[in-house]
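The values are calculated or read from the model by the stated rules, or taken from the named source; none is laboratory data. Worth saying up front: this structure is predicted, and the values here are computed from it rather than measured. FYI the Cβ positions are ideal-geometry reconstructions off the backbone, even for glycines, and counts take in every protein chain you see. Just the protein is used for accessible areas: all its heavy atoms, side chains included, with ligands, DNA and RNA removed. Shrake-Rupley method; radii C 1.70, N 1.55, O 1.52, S 1.80 Å.
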Amino acid sequence: MSLTLAIQYLISGILTGGIYGLIGVAIVIIYKATKVFNFAVGTLMTLGGMICVSLITWAGLPFWAALLASLLLSSVIGYAAEKTILSPLLGQPLITMIMATLAMDSILYGSILMVWTGYAISFPEGILPGGTLFLGPFFISRELLYSFIAGVVCFALVGILFKTTQLGLRMRATAESHEVAMAVGINITRIFSFSWMIAAMVGTMAGVLLGNRTGLQVAITSSMAFKALPAVIFGGLDSVAGAVIGGLVVGIIEKFAGGFIDPKVAEISPYVILLLVLMIRPEGLFGEKRIERL
Amino acid sequence: MWRPCGTIDENYRKDLAITRTPLQICLTVAGLAALFLLPLWVPGHLLNNINYIAITIVALQGVNLLTGMTGQITIGQTGFMAVGAYTMALLVKYAGFSFWTATPVAMLAAGLAGIVVGLPSLRIKGFYLALATVAAQFIISWLIVNVRPDLTGGTDTLTLDAPRIGGVALNTQSHLFYLCMSVAVLVTVFTRNIQRSRIGRAFVAIRDNDRAAEVMGISVYRYKLLSFFLCSVYGGLAGSLYAVWMRGISVDHFGLLESIWYLGMLIVGGMGSVPGAIFGAILIRSLNLLVTYTGPVVGKMFDATRGTAVEIGLGPILFGIVVLAFLMFEPRGLARIWERFKAYYRLWPFSY
């Protein structure tokens, strides 16, 4: 009985963890290339999701067209953000970079509020089939399952990009060392722009999937991204695979804490994990041990 | 440090003094007198905001000590403010303390919370430590809401009576002004004294190069913890004042967004500079005030729902733009502009 319950929590934890993983990947892509931690990922994600909804409801596009268009638009936004805000601040101290992304977050937050107001917006029904799938004693929400599958496809695409393409090779080289990458003729400012564009697209994907499940509301959806922080730290800041696994682990722990202890504990458990990981193994499971110590 | 021509320190006492020349002493006294006569002619609603700025300055000087001087980035100052505010409120409400006895306890409680959060600073620094403070912020709010909701009121507002001094209840803004502004002035002087004494210099040494600081015989860990402690003690004090000023507290007042604003104010004012923290608090809070007044005018141009959204959205956008502008064009903040102005003023009308 208890085992069935545990497996049930495991399944739903993995399914919800997929979204955290996606947000985490968006953070990691930018961190790897530019060594900037993007605190604005939550609002970028919300923005992407909201653009997608608007294209469906206001412009009347079919879902797939709206998704493609919003991916394209958000990559433009990511590019613009990198060029206007991050590029001029290249090489500044850490606090400057942290504050720059926080300020960007603030500006995007205000803009989203102005355009879409603070009320919840939901996707039209029927984009992802609803209902529940029964699998023996376990049940799986169809929406969750499909969004998880979409997430897995995303991970695969990012993985293929990094492992097999020229661009991915250049991005990995840039992540290794900026100076060496420049020395072998890689235009690293272009790589920075590309990473922001890709991260914005991954973020949009997360926003769309999240929006399909819970609807989008700027205050709530953008703060969801903070739950991806433990995921990223758990997996290691510079590992894409780590972010995915971290996301799954955080999702699972959240479900277990909620199911076996108290639903209230569930909402705080990611941050407790974050603190514990920071204290015990700050470089994460798969991260490079590059943390400065005393 | 540049001195005006002809100002010569004749003994060590004079060399150490904050106010060196008779003119400076006169200006300080006149400035303080003018400051404390404000309630006589400033209308109440403006005084309300001035009180808020004073409270902000108290909390911001704490962030200044930790982030500006010691270089440990914190995005969790309002978490410590919440600890201070709730400790004070609970002690007053349930343990029969008065505001005056509860506040020191609240400061100590916040300080202890700060030390706990600072513990990982032995192993991690920079960005990772910033994340730890974010986590601490969330955990503190969660503890307040969930551990004893019967005492703290959960997410509801916890109301407070006005503190009394002698027979007078501090229930008007001008009464509160004297409380908040006196504390702000004292805290500012205290911070300035920390900055120019052994502790402050140790902090700056750790910020600039922690290994070199260790080699010079500064116990880096101890001083980092001390910095965390002081920062959160300031936060606790500010939280306690905030509770009295608001006459009621709720966890929503102590969110992550507010912590980010504190960091932004520090950037705008100039990191590691005591007057900078004052400038930053004044500038950002005044901008916010401006938005409060102009927001409804702009909002009127749209329909009701959108109007409200535009009103709320203006503040964050303006804040983000101002912070970014300072990061790009004057990363050392208003304090640097102030220094330049002083240098210019001293030399005027000659260029050397």
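Summary of computed values
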| quantity | calculated |
| --- | --- |
| Enumeration of residues in the stretch B:37-85 that are part of a helix (DSSP H, G or I), small (Gly, Ala, Ser) and crowded, with 24+ Cβ neighbours inside 10 Å | B:Ala54, B:Ala59, B:Gly62, B:Gly68, B:Gly79, B:Ala82, B:Gly84, B:Ala85 |
| Of residues in the stretch B:99-108 being open to solvent by 30 Å² or more (accessible area, probe 1.4 Å) and of a type in the set (A, V, I, L, M, F, W, C), the one farthest from the other protein chains (Cβ to nearest Cβ) | B:Trp100 |
| Residues of the stretch A:186-202 satisfying the condition of being open to solvent by 40 Å² or more (accessible area, probe 1.4 Å) and in a helix (DSSP H, G or I) | A:Thr189, A:Arg190, A:Phe194, A:Met197, A:Met201 |
| Failed item, numbered, when B:Val268 is tested on (1) within 14 Å of B:Ile57 (Cα to Cα); (2) out of contact with any Phe, Trp or Tyr (no Cβ under 6 Å at 6 or more places or on another chain); (3) among the hydrophobic types (A, V, I, L, M, F, W, C) | (2) |
| Failed criterion for B:Ser259 (all others in (1) surrounded by fewer than 23 Cβ atoms within 10 Å (Cβ to Cβ); (2) of a type in the set (Ser, Thr, Tyr); (3) within 11 Å of another protein chain (Cβ to nearest Cβ) hold) | (1) |
| Only listed residue being buried (at least 18 other Cβ atoms within 10 Å of the Cβ), closer than 20 Å to A:Met279 by Cβ and of a type in the set (Gly, Ala, Ser), chosen from B:Ala135, B:Ala202 | B:Ala135 |
| Any hit, the stretch A:155-172, residues being assigned to a loop (DSSP other than H, G, I, E, B), on the phi > 0 side of the Ramachandran plot and either surrounded by fewer than 14 Cβ atoms within 10 Å (Cβ to Cβ) or free of Cβ contacts under 8 Å to residues at least 12 places away in the same chain (or both) | no |
| Inter-residue pairs, beta-carbon under 7 Å, first in contact (Cβ under 8 Å) with a residue 60 or more places away in the chain and in the stretch A:21-38, second acidic (Asp, Glu), 6+ apart | A:Val28/A:Asp238; A:Tyr31/A:Asp238; A:Lys32/A:Asp238 |
| Criterion: small (Gly, Ala, Ser), under 19 Å from B:Ile75 (Cβ atoms) and more than 10 Å from chain A (Cβ to nearest Cβ) - qualifying residue of B:Gly153, B:Gly167, B:Gly118, B:Gly126 | B:Gly118 |
| Pair list, Cβ under 7 Å, 6 or more apart: the stretch A:104-116 residue more than 7 Å from chain B (Cβ to nearest Cβ), other residue buried (at least 23 other Cβ atoms within 10 Å of the Cβ) and not in a helix (DSSP H, G or I) | A:Asp105/A:Phe39; A:Asp105/A:Ala40; A:Leu108/A:Ala40 |
| Residue within the stretch B:332-351 that is at pLDDT 85 or above, within 14 Å of chain A (Cβ to nearest Cβ) and over 19 Å from A:Tyr109 (Cα atoms) present | yes |
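Condition check ((1) at pLDDT 85 or above; (2) in contact with a Cys (Cβ under 6 Å, 6 or more places away or on another chain); (3) surrounded by fewer than 17 Cβ atoms within 10 Å (Cβ to Cβ)) across all residues:
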position: A:Val152; (1), (2), (3): yes, no, yes
position: A:Val184; (1), (2), (3): yes, no, yes
position: A:Thr204; (1), (2), (3): yes, no, no
position: A:Gly207; (1), (2), (3): yes, no, no
position: A:Asn212; (1), (2), (3): no, no, no
position: A:Ile233; (1), (2), (3): yes, no, no
